[in-house]
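> Quick one: the structure is below, and I'll ask about it shortly.
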Amino acid sequence: MLKVGLTGGIGAGKSEVSRLLVEHGAVLIDADRIAREVVAPGTPGLAAVVEAFGEDVLAADGSLDRPKLGSIVFADAERLGVLNSIVHPLVGARSRELEEAAAEDAVVVHDVPLLTENGLAALYDLVVVVDTAPDTQVDRLVRLRGMTEEDARARMAAQATREQRLEIADIVIDNDVPLEELQRRVKDVWDELVRRAHGAQEDPSSRSAQE
């Protein structure tokens with residue numbers, strides 16, 4: 001099994017890369033999706049969140065009111081720490097379950113938006129970073145997600161820098177390209193991941209998929 005950490009800045013196109021890798025046969029473990037699942041209605045995770053923060057964080061349908069919870073924790077580092085102490089172990093446990101269920105020769109891709117920020121690179125056999133120029137990120141966030149330029153740049157500033165992500169990368173996928181070219185680059189990366197998963201002896205040093 002090859003454990004791959006996939007990350008990239010907001011608007012870099014990481015979700016498209018993960019989708020393409022799944023099409024090629026990767027087992028995807030999406031940290032954001034799991035974080036939502038572990039606090040779904042009826043779960044012990046949601047019960048623990050309600051116990052810690054009160055029933056005011058519930059929406060009318062009994063689901064977690066994420067904006068309300070966010071307004072509480074992101075202005076208070078201590079309360080954010082409480083939330084993380086509930087959610088992170090649950091996400092980790094579920095991720096391990098999914099990983100253990102994969103085939104021995106599988107390429108398991110962990111889609112982790114904050115991989116760089118949380119210092120998680122050492123958890124994976126290699127790290128793939130989806131990279132774009134900051135102006136490309138802003139353009140995509142404004143054009144495709146309806147953000148203002150100010151909001152887009154604020155979201156980017158709250159994340160790791162481009163340089164910090166590239167510093168931990170084993171493989172870089174340059175996504176300042178049309179979709180057709182991105183598909184070709186992801187296929188090249190997939191072929192390398194499969195070789196490594198099957199035990200091929202390759203130089204583990206950084207390689208760029210920009211060519």
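The values are calculated or read from the model by the stated rules, or taken from the named source; none is laboratory data. Worth saying up front: this structure is predicted, and the values here are computed from it rather than measured. Methodologically, a virtual Cβ is constructed for each residue, glycine included, from the backbone with ideal geometry; neighbour enumeration extends over all protein chains shown. The area values use the complete protein model at the heavy-atom level, side chains included, leaving out ligands, DNA and RNA. Shrake-Rupley method; radii C 1.70, N 1.55, O 1.52, S 1.80 Å.
> So which of Leu20, Leu46 is assigned to a helix (DSSP H, G or I), touching a Phe, Trp or Tyr at 6+ places or on another chain (Cβ under 9 Å) and open to solvent by less than 30 Å² (accessible area, probe 1.4 Å)?
Checking each option against the conditions leaves just Leu20.
> On the basis of being assigned to a loop (DSSP other than H, G, I, E, B) and surrounded by 13 or more Cβ atoms within 10 Å (Cβ to Cβ), does Thr116 make the cut?
yes
> Shifting gears a bit: Does Arg153 count as open to solvent by 40 Å² or more (accessible area, probe 1.4 Å) and in contact with a strand residue (DSSP E or B) (Cβ under 8 Å, 6 or more places away or on another chain)?
Criteria not met by Arg153.
> Continuing with the same structure: Quick check on segment 71-94. Is at least one of its residues without any contact (Cβ under 8 Å) to a residue 60 or more places away in the chain, of a type in the set (S, T, N, Q), over 30 Å from Ala133 (Cα atoms) and open to solvent by less than 40 Å² (accessible area, probe 1.4 Å)?
no
> Any chance you could count how many residues in segment 93-113 are assigned to a loop (DSSP other than H, G, I, E, B) and closer than 26 Å to Thr161 by Cα?
Result for segment 93-113: 2.
> So, of the residues in segment 177-211 that are open to solvent by 90 Å² or more (accessible area, probe 1.4 Å) and acidic (Asp, Glu), which turns out to be modelled with the lowest pLDDT?
Ranking the qualifying residues of segment 177-211, first place goes to Glu211.
> Of everything in segment 37-68, what is in contact with a helix residue (DSSP H, G or I) (Cβ under 6 Å, 6 or more places away or on another chain) and more than 25 Å from Leu98 (Cβ to Cβ)? Give them in sequence order.
Ala52, Val57, Asp65, Lys68
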